[in-house]
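Heads up: the structure comes next, in structure tokens.
The values are calculated or read from the model by the stated rules, or taken from the named source; none is laboratory data. Remember, it's a predicted structure, so these values are computed and weren't measured experimentally. Please note: Cβ atoms are built from the backbone with ideal geometry, for glycine as well, and neighbour counts cover all protein chains shown. Accessible surface is based on the protein model in full, side chains and every heavy atom, while ligands, DNA and RNA are left aside. Shrake-Rupley method; radii C 1.70, N 1.55, O 1.52, S 1.80 Å.
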Amino acid sequence: MKLHEYQSKTIFSKYGIPIPKGRVAATAQEARQIAEELGGRVVIKSQVLVGGRGKAGGVKLAKDSAEAEQLATQILGMEIKGLPVRKVLVDEASAIDQEIYFAITDDRAAKKPVMIASAAGGIDIEEVAAKTPEKIIKVHIDPLLGLREYQARDVAVAIDLPREYWKDFVKIAMGLWEVYKNSDATLAEINPLVITKDKKMIALDGKMMIDDNALFRQPNLTELRDTDEDAPSEIEARKYGLSFIKLDGNIGCMVNGAGLAMTSMDVIKLFGGEPANFLDVGGGASSEKVAAAMRIILTDPSVKAILFNIFGGITRCDEVARGILAAMEEVKPKVPMVVRLVGTNAEEGRRLLENANMITAETLADAAKKSVEAAKKGS
Ligand code: GDP
Ligand code: MN
């Protein structure tokens, strides 16, 4: 889950990381009001969950509150990388001397958190990494020991930070480590971390990503979720506790178990098809859950066939069959459906589906082949 800049910076500030004064606004009038309170010179920043807002024209400086209102009107009417701007952050403008990149993220290969810093901040860090990788400093953090102050100091030295800023930098680094750790973040990023002309170090931008698997113990962060960027089908799936990811193909997949779901997608591709989604209905799925999953799959107009691949273990095939029948009552699917049921109560499940006009398959390969054929006929 991604957090907005204003949300990330509010969290940063709670951990002692200095941020500019400012507030979020949903209308241009509000933006003007905030600019007046801040003394006129402000920066208007689109709050959308994508990077590179600056380059896209979504970050603008205003010299007074009238210009703030005008720029807010303009930015609130924008779409950035397909996302409509619904809010702007109005921050006191800073006079920038230097822009630094600083982040803590997961290094999956090293199985450790890693601190990343660069004196070439502000711009796309991916670009810096590609063109001048020597300008990027990486230091791993022992997850049990946590970030040590000397490590942060080493980084300050490595990015040629003047000595007078070491203390501030270490404090910010330690703060960001606490943010990252306590929020179950997979990324806590400040780009740019600036040194202002009046020699202050502040987090001008903020970005956080939270591990979805940890949201159960992060109720305060869960509340911050902005579903604007999510596909409606994914939002609906989340309500039912289904692991669902929308994809671009035309074969809807309903599978129990993440591994089996991935395998099913692979086998579909092997036979020349394209899955329309990843879906794991989970172990022991109830018929309501199955029905919800089927509704979600069928509301995607690009779905031309559905593959059900159910391996009954804890999940009972008859329960799945009942879910399929319940959903068919409701949504009256017009696309062909291929079903493979094996395991617990498979016979009962097959019997229930006998009159449901479904294509049956014995093996996964057989099921995948049949669904690819069916989707080709249907499109
Ligand atoms: P991003 O493009 O989505 O990463 O948005 P940022 O918040 O990082 O802003 C992009 C760039 O706008 C920064 O790198 C700065 O160069 C500039 N910028 C943002 N806020 C200010 C400000 O208060 N004063 C000045 N002078 N420039 C700013
Ligand atoms: Mn930025």
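Among residues that are within 28 Å of R23 (Cα to Cα), more than 16 Å from ligand 2 (Cβ to nearest atom) and open to solvent by less than 10 Å² (accessible area, probe 1.4 Å), V90 is included.
Restricting G272, G343 to those that are surrounded by fewer than 19 Cβ atoms within 10 Å (Cβ to Cβ), out of contact with any helix residue (DSSP H, G or I) (no Cβ under 6 Å at 6 or more places or on another chain) and either modelled with pLDDT of 90 or more or not polar (S, T, N, Q) (or both) reduces the list to G343. The residues listed here are Q7, Q29; of these, the one that is open to solvent by less than 60 Å² (accessible area, probe 1.4 Å), modelled with pLDDT of 95 or more and not hydrophobic (A, V, I, L, M, F, W, C) is Q7. For the range 352-379, a residue qualifies if it is free of Cβ contacts under 8 Å to residues at least 60 places away in the same chain, open to solvent by less than 40 Å² (accessible area, probe 1.4 Å) and of a type outside the set (A, V, I, L, M, F, W, C), but none of them does.
Exactly one residue out of D211, D168 is surrounded by fewer than 20 Cβ atoms within 10 Å (Cβ to Cβ) and within 18 Å of the chain's Cα centre (by Cα), and it is D211.
Which residue, of I202, I172, is in contact (Cβ under 8 Å) with a residue 60 or more places away in the chain and within 13 Å of ligand 1 (Cβ to nearest atom)? Unique residue meeting the criteria: I202.
Can you confirm whether G77 is of a type outside the set (D, E, K, R) and either open to solvent by less than 50 Å² (accessible area, probe 1.4 Å) or near ligand 1 (Cβ under 10 Å from one of its atoms) (or both)? Spell out the reasoning first.
On the way: of a type outside the set (D, E, K, R): yes; either open to solvent by less than 50 Å² (accessible area, probe 1.4 Å) or near ligand 1 (Cβ under 10 Å from one of its atoms) (or both): no.
No: the conditions fail for G77.
Only one of the numbered conditions (1) at positive phi; (2) open to solvent by less than 10 Å² (accessible area, probe 1.4 Å); (3) of a type outside the set (S, T, Y) is not met by A173, and that is (1). Inspect all residues belonging to the range 37-44 and state whether any of them is over 14 Å from D91 (Cα atoms) and either at pLDDT 95 or above or open to solvent by less than 20 Å² (accessible area, probe 1.4 Å) (or both). Checked against the condition, which is being over 14 Å from D91 (Cα atoms) and either at pLDDT 95 or above or open to solvent by less than 20 Å² (accessible area, probe 1.4 Å) (or both), the range 37-44 yields no hits at all. When restricted to residues that are closer than 14 Å to E99 by Cβ and charged (D, E, K, R), the range 173-229 contains 4. Got at least one residue in the range 180-189 being crowded, with 19+ Cβ neighbours inside 10 Å and farther than 26 Å from M1 by Cβ? Among the residues of the range 180-189, not one is crowded, with 19+ Cβ neighbours inside 10 Å and farther than 26 Å from M1 by Cβ, which makes the answer no. Looking across the range 215-264, the residues that are closer than 22 Å to F311 by Cβ, in contact (Cβ under 8 Å) with a residue 12 or more places away in the chain and open to solvent by 30 Å² or more (accessible area, probe 1.4 Å) come down to Y240, G241, S243, I245, L247, A258, L260, M262, T263. Looking at the range 123-134, can you tell me whether even one residue there is within 16 Å of ligand 1 (Cβ to nearest atom) and among the hydroxyl-bearing types (S, T, Y)? Scanning the range 123-134 turns up no residue that is within 16 Å of ligand 1 (Cβ to nearest atom) and among the hydroxyl-bearing types (S, T, Y). Among the numbered conditions (1) within 13 Å of ligand 2 (Cβ to nearest atom); (2) more than 25 Å from the chain's Cα centre (by Cα), the only one that G51 does not meet is (2).
Say whether the condition of being more than 21 Å from I19 (Cα to Cα), without any contact (Cβ under 8 Å) to a residue 40 or more places away in the chain, surrounded by fewer than 18 Cβ atoms within 10 Å (Cβ to Cβ) and away from ligand 1 (no atom under 12 Å from the Cβ) is met by at least one residue in the range 58-72. Yes - at least one qualifying residue is present in the range 58-72.
Residue-wise test of (1) surrounded by 14 or more Cβ atoms within 10 Å (Cβ to Cβ); (2) aliphatic (A, V, I, L, M).
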site	(1), (2)
V114	yes, yes
T132	no, no
I136	yes, yes
I141	yes, yes
L145	no, yes
E149	no, no
A152	yes, yes
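Of the strands (runs of 3 or more DSSP E) lying entirely inside the range 126-216, those containing at least 2 residues that are under 15 Å from I116 (Cα atoms) and within 16 Å of ligand 2 (Cβ to nearest atom) span 185-196, 207-210.
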